[in-house]
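Okay, so here's the structure we're looking at.
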Amino acid sequence: MTEAQDEFKNIQRKPGLQIWTISKMKMVPVPEQAYGNFFEGDCYIILNVSNSATQSTDIHYWIGNASSQDEQGAAAVYVTQLDGCLGGSPVQYREVQGCESAKFKSYFKNGLIYKKGGVGSGFTHVEANVYNIQRLLHVKGTKHVTAREVEVSWSSFNLGDIFLLDLGKVIIQWNGPQSNRQEKLKAVLLAQDIRDRERGGRAQIAVIEGGQEEAFPELMKIMISVLGQRTGHLKEPISDDKPDQNQISDVKLYQYEHFNLGQLLVQEVATSPLTQDLLSSTDCYILDQGGSSVMVWKGKAASDEERHSALSRAVGFIKAKNYPSNTKVEVMSEGGESAMFKHFFKSWKEKGQAQGLGKTHSVGKIAKVDQVKFDVMELHAQPKLAAQERMVDDASGHVQVWRIENLELKEVNPSTYGHFYGGDCYLVLYTYNRANKPQYILYMWQGRHATQDEVTACAYQAVNLDNKYNGAPTQVRVVMGKEPRHFLAIFKGRLIIFEGGTGRPGVVNPDPGARLFQVRGTHEMNTKATELPARAASLNTNDVFLLKTHQNVFLWYGKGCSGDEREMGKAVADLLSELDKQIVMEGQEPAAFWVALGGKAPYASDKRLEKEVALHEPRLFECSNQTGRFLMTEVADFTQDDLDEDDVMLLDTWEEIFLWIGNSANQYETQESYSGAVDYLKTHPAGRDPGTPITTVKQGYEPPTFTGWFNAWDAHKWSVSPAGGSNNLNNTNLNKKTGGGGGSYSAPGGPRNIKSHNQRMSSSISNAYVDQSPSRAKPSGMLHSEQLVETPQHQLPQGVDPEKREEYLTDAEFENLLGCTRDNFQRLPKWRQNDLKKKAGLF
């Protein structure tokens with residue numbers, strides 16, 4: 001053990017990845033250029049330290065399908081020892097080949113490659129410039145890509161997937177006729193990753209469309225020379241695996257204890273929804289997510305034996321339950337819980353976190369803060385703050401309100417803006433400017449007593465209004481009583497929610513006799529009045545209430561309300577009645593006050609407990625609706641690049657659900673996404689509030705409340721190009737697919753336009769394959785710069801794409817005019833590329 005401890009002393013907790021493989025029962029470092037390659041006969045240990053200020057740490061141990069029991073046991077022991085050397089704070093994960101967690105896959109953005117064999121296969125001799133290679137990789141997946149080495153034969157191919165024929169310095173990508181555009185892009189990125197990391201950038205990549213093989217004769221000659229002449233038909237597509245995060249609402253919490261002779265006692269403690277007070281620091285617990293994953297929580301005061309054996313106990317639990325051997329396992333210590341673990345609890349309070357209704361904001365660690373007016377100017381300096389506070393601006397924009405009347409839109413008189421009746425549905429369009437461009441938010445407010453026809457008409461009219469603004473508005477469903485902060489702010493303290501009735505002119509609402517309103521808020525940006533049943537039981541010692549009768553208007557101040565709350569109570573009272581207000585202090589109520597409420601009765605009079613704000617990390621999912629169940633694939637450590645324009649994505653920030661609709665998203669999934677989000681809330685194991693706001697966001701029109709959850713958001717990433725197209729993932733030009741397997745696309749440093757590029761490259765690749773020379777062939781068909789610079793479109797040489805003039809320059813002229821290499825140019829965002837092209841006269 002001392003030898004192992006000495007080995008761990010050299011391991012530093014530095015941001016990024018560190019990987020080891022188990023060789024002869026010892027940990028052997030993996031060279032960085034081999035990261036992402038995993039031999040099926042081996043086990044690996046992966047240490048990841050985040051770049052955040054907290055430097056959160058995760059340890060994964062990966063089990064190859066062909067690895068030995070001894071190697072698996074050694075890896076588990078080393079993980080426990082490594083955890084101890086790092087202070088016990090890391091979260092531990094058990095990963096099984098083919099069933100890796102989303103977090104694990106997120107470390108390898110370009111995909112995982114499963115290689116045959118083990119350490120003895122020459123793994124330790126990986127070099128950057130090796131060309132003596134002949135292998136076939138079967139590529140699957142769009143969000144999380146995996147590539148597995150298969151037999152180099154046509155029998156390995158099928159019509160629905162992508163295959164990479166890797167010949168060392170030539171990598172040929174064969175796209176199945178039924179593969180989609182996103183799969184093709186991911187495969188190109190994987191091929192580039194192989195070229196850059198394993199070949200030092202000295203390999204050429206070419207693409208064959210499987211449904212148009214006749215268009216690539218030279219490349220097909222190479223494939224046939226390696227694979228032989230194809231006989232018979234290729235296999236039908238293999239259905240992709242189901243998304244890897246099937247939400248299971250049946251979650252159970254078990255407590256386990258050790259007894260003599262190594263016996264283990266497991267006792268069920270609770271089922272979902274779980275609360276944090278179920279966890280005791282002196283014990284260890286197992287959280288069972290219906291067999292799809294098992295999590296172990298180690299109390300800081302639990303015995304050393306219980307803590308050290310947590311990983312092995314989880315594996316034993318899986319066996320005892322007869323769960324699959326590839327069931328995911330996480331092990332964590334008290335205070336170092338993963339975001340996923342916290343999401344299973346209805347509320348989660350960090351040590352030292354203040355409780356607080358109307359909690360403002362704090363930067364960094366949560367601490368006790370004074371109630372201060374929210375400074376909207378900080379939103380611009382701190383995007384994440386804008387997202388957390390759910391404020392897109394200072395609410396100074398333009399407001400328009402419509403009510404649903406006879407299933408049509410009827411404009412509301414501006415003098416009654418802010419009055420919402422529970423028997424109605426409303427559309428509220430808010431317009432504000434960002435970077436001198438109009439932005440829109442469309443709120444759909446649904447009254448609790450509105451008819452189903454009115455609710456349906458509200459949704460229908462929202463679509464019509466959205467179309468009127470070319471899909472630009474961000475749509476937000478607002479459930480009565482769950483109005484978000486920005487909604488309150490735009491009505492400047494005039495928001496009054498009437499329990500029933502209608503605001504339609506000419507309609508006389510039933511006379512309720514006495515009406516009681518609860519007023520909450522400390523300034524005009526966060527105040528609303530809500531009608532409650534006019535009974536004493538509705539009162540609360542912490543708030544201000546307005547009691548309105550035919551003869552009197554009482555303004556009741558609870559003992560726990562502040563001076564600011566009283567002032568806002570007066571302002572709202574003036575909106576509701578012109579009569580003189582009688583101030584009533586709690587405990588000094590006149591008889592008429594209790595008579596109006598139907599007599600005295602107990603009400604909430606506890607010492608003020610301010611609302612606890614749950615600290616839950618945001619989670620991003622790719623949405624899919626299959627077999628009638630809502631399924632999701634989680635994207636761990638997400639960035640803006642993970643938002644694919646082919647997808648519908650769900651961002652869960654706990655207080656709000658965002659549905660992000662990509663420009664090329666499937667129409668059916670787009671239509672189903674809203675009901676899917678409702679199902680997500682209903683089935684969430686933490687018992688989520690079904691009234692949680694659901695906001696629909698369109699690609700290219702993301703508000704700050706959405707973008708603030710992403711680090712370094714690039715507002716120009718999807719900026720519209722002169723041709724009317726849009727930039728997508730990694731600033732890679734992709735023409736939208738029109739059929740099953742067609743379409744052209746490009747990737748940085750890889751193939752540009754498939755046909756034209758491959759026609760130029762075919763002969764040079766053939767030569768490269770024959771003479772095995774690593775030198776790059778100079779593309780043919782180049783033009784002089786004077787034929788391209790400042791040349792009117794109609795005067796360009798025949799066949800030149802006016803929007804891609806730079807592609808016809810020689811390498812020397814390209815660098816001279818644009819000031820960078822082709823590869824570096826491709827890595828720039830589109831707006832920057834266009835700017836350079838304009839300055840060079842190539843636009």
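The values are calculated or read from the model by the stated rules, or taken from the named source; none is laboratory data. The structure displayed is predicted, hence computed values, not measured ones. Positions of Cβ are generated from backbone atoms using ideal geometry, with glycine treated the same way; all protein chains shown enter the neighbour counts. Accessible surface is based on the protein model in full, side chains and every heavy atom, while ligands, DNA and RNA are left aside. Shrake-Rupley method; radii C 1.70, N 1.55, O 1.52, S 1.80 Å.
A few remarks follow.
- Residues in the range 451-480 that are in a loop (DSSP other than H, G, I, E, B), among the small types (G, A, S) and either in contact with a Cys (Cβ under 8 Å, 6 or more places away or on another chain) or over 22 Å from D394 (Cα atoms) (or both): G471 alone.
- Scan the range 663-715 for residues that are more than 25 Å from S272 (Cβ to Cβ), in contact (Cβ under 8 Å) with a residue 60 or more places away in the chain and of a type outside the set (D, E, K, R) and the total you get is 18.
- Residues that are at pLDDT below 90, open to solvent by less than 20 Å² (accessible area, probe 1.4 Å) and part of a loop (DSSP other than H, G, I, E, B), drawn from the range 484-520: P484
- First in the range 483-500 and closer than 16 Å to Y440 by Cα and without any contact (Cβ under 8 Å) to a residue 60 or more places away in the chain, second anywhere and surrounded by 22 or more Cβ atoms within 10 Å (Cβ to Cβ) and of a type outside the set (D, E, K, R), Cβ under 7 Å, 6 or more apart: F487/Y443
- Restricting attention to the range 551-588 and to residues that are among the hydrophobic types (A, V, I, L, M, F, W, C) and more than 44 Å from the chain's Cα centre (by Cα), the residue that is surrounded by the fewest Cβ atoms within 10 Å (Cβ to Cβ) turns out to be M585.
- Condition met for Q81 (among the polar types (S, T, N, Q), modelled with pLDDT of 85 or more and buried (at least 16 other Cβ atoms within 10 Å of the Cβ)): no
- In the range 150-168, the count of residues that are modelled with pLDDT under 85 and either at positive phi or not β-branched (V, I, T) (or both) is zero.
- Taking first residues from the range 600-625 that are assigned to a loop (DSSP other than H, G, I, E, B) and open to solvent by less than 50 Å² (accessible area, probe 1.4 Å) and partners that are among the small types (G, A, S) and modelled with pLDDT of 80 or more, the Cβ contacts under 6 Å between residues at least 6 apart in sequence or on separate chains come to A601/A536; A601/A537.
Yes/no matrix, rows are residues, columns are (1) at pLDDT 90 or above; (2) in contact with a Lys or Arg (Cβ under 7 Å, 6 or more places away or on another chain); (3) among the aromatic types (F, W, Y):
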{"residue": "G118", "(1), (2), (3)": "no, no, no"}
{"residue": "L136", "(1), (2), (3)": "yes, no, no"}
{"residue": "K143", "(1), (2), (3)": "no, no, no"}
{"residue": "L190", "(1), (2), (3)": "no, no, no"}
{"residue": "A215", "(1), (2), (3)": "no, yes, no"}
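- Members of the range 697-734 that are open to solvent by less than 40 Å² (accessible area, probe 1.4 Å) and modelled with pLDDT under 50: S721, G725, S726, N727, N728, L729, N731, T732, L734
Per-residue answers, yes or no, for (1) open to solvent by 60 Å² or more (accessible area, probe 1.4 Å); (2) at pLDDT 75 or above:
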residue	(1), (2)
P243	no, no
Q247	no, no
Q267	yes, yes
K300	yes, yes
R307	no, yes
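- Enumeration of residues in the range 431-468 that are among the hydrophobic types (A, V, I, L, M, F, W, C), open to solvent by 30 Å² or more (accessible area, probe 1.4 Å) and either touching a residue at least 12 places away in the same chain (Cβ under 8 Å) or farther than 18 Å from E411 by Cα (or both): A435, V455, A459
- Pairs meeting the criteria (first residue in the range 20-39 and open to solvent by less than 30 Å² (accessible area, probe 1.4 Å) and modelled with pLDDT of 85 or more, second residue among the polar types (S, T, N, Q) and in a strand (DSSP E or B), beta carbons under 7 Å, at least 6 apart or on different chains) are V30/T21.
- Residue check for L164: open to solvent by less than 10 Å² (accessible area, probe 1.4 Å) and not in a loop (DSSP other than H, G, I, E, B): yes
- For the range 662-693, filtered to residues that are of a type in the set (D, E, K, R) and outside any helix (DSSP H, G or I), the residue that is most open to solvent (accessible area, probe 1.4 Å) is D689.
- Filtered residues of the range 57-99 (kept if of a type in the set (S, T, N, Q) and more than 17 Å from L112 (Cβ to Cβ)): T57, S68, Q69, Q72, T80, Q81, S89, Q92
- Residue selected from the range 824-843 under the condition of a type outside the set (A, V, I, L, M, F, W, C) and at pLDDT 80 or above, by the criterion farthest from P802 (Cα to Cα): Q826
- Of all residues in the range 316-340, those satisfying the criterion of being modelled with pLDDT of 85 or more and surrounded by 16 or more Cβ atoms within 10 Å (Cβ to Cβ) are F317, I318, Y323, V329, E330, V331, M332, S333, E334.
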